[in-house]
Amino acid sequence: MTDVFNNDQLRKSMVFLRILIGWHFLYEGVIKLFNPDWTAFGYLATAQGPFKSLFIALTGESLIGWVDTLNWLALIFVGITLLLGIFEKMGALAGIVLLAMYYFAHPPFPWLEQVNVEGSYWFVNKNLIELVACWVIYNFPTGQYFGLTYLFKGTSKSTNTQ
């Protein structure tokens, strides 16, 4: 498996994928942080599918503030880790969890009416696609080739040789 990842073009493609997904997460988190009117209430209150009751329970008055804060914090964490190439496995895993929650709050199942979502899909939507991309990034982290992990690795080698 490591022989496959020695391919320079594949490595560059994976770095580019990681950076783009990191940018997307970071942007979504920052936009939510700085928009005083943003809340996850509408998205959660219109949840559908097998976990509908769980997502609707998160809209309770005592919980929604925490849900909103944890959402933008997690988005920013994933964005920073993937964009900068540090702790990217943790970031990718957090991204997988977030995207799975977004997916199951409004699953694109053909027997469900698509409410409060972009487009009209059957089983596969952008959340599922980005979730799988985060899974790939989790399995093939690229920070040791391009990112802060690479810079720290280089710094620690130079201090060990002195």
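None of the figures in this text is laboratory data; all of them are computed from the coordinates on show. Predicted model, so just to flag it, every value in this text is computed and none were measured. In this analysis, Cβ positions are derived from the backbone assuming ideal geometry, glycine residues included, and neighbour counts consider all displayed protein chains.
Once whole DSSP H runs in the chain are found, which of them have Cα atoms spread over 24 Å or more along the helix axis and a mean Kyte-Doolittle score of at least 1.6?
64-84
Per 0.36 nm of contour for each residue apart, how much would the distance between TRP111 and LEU70 grow if the chain were fully extended, relative to their Cα-Cα spacing?
11.7 nm
Could you line up TRP135, TRP72 from fewest to most neighbouring Cβ atoms inside 10 Å?
Ordered from fewest to most neighbouring Cβ atoms within 10 Å, TRP135, TRP72 come out as TRP135, TRP72.
Over all directions, how big on average is the projection of the convex hull of the alpha-carbon atoms in the chain, in square nanometres?
12.1 nm²
If you take every residue apart from ILE137 with its C-beta less than 11 Å away from the C-beta of ILE137, what net charge results, scoring Lys and Arg +1 and Asp and Glu -1?
Overall, the nearby charge balance is 0.
Looking at the chain, identify the longest residue range that excludes and avoids all GluC sites (Glu not before Pro) in DSSP loops having at most 16 other Cβ atoms within 10 Å.
Segment 1-60 is the longest.
Can you compute the charge dipole magnitude of the chain about its Cα centre, using +1 on each Lys and Arg Cβ and -1 on each Asp and Glu Cβ, nothing else charged? Give it in debye, rounded to the nearest 20.
540 debye
Exposure proxy check: HIS24, HIS106 ranked by fewest other beta carbons within 10 Å?
HIS24, HIS106
Which whole-number percentage describes the relative contact order of the stretch 2-160, with Cα contacts under 8 Å and a sequence gap of 6 or more?
28 percent
Kindly put TYR102, TYR121, TYR27 in sequence by how many other C-beta atoms sit within 10 Å of each C-beta, fewest to most.
So the residues, fewest neighbours to most, are TYR27, TYR121, TYR102.
Please give the net charge around MET14, taking every other residue with its beta carbon less than 14 angstrom from that of MET14, where Lys and Arg add +1 and Asp and Glu add -1.
+2
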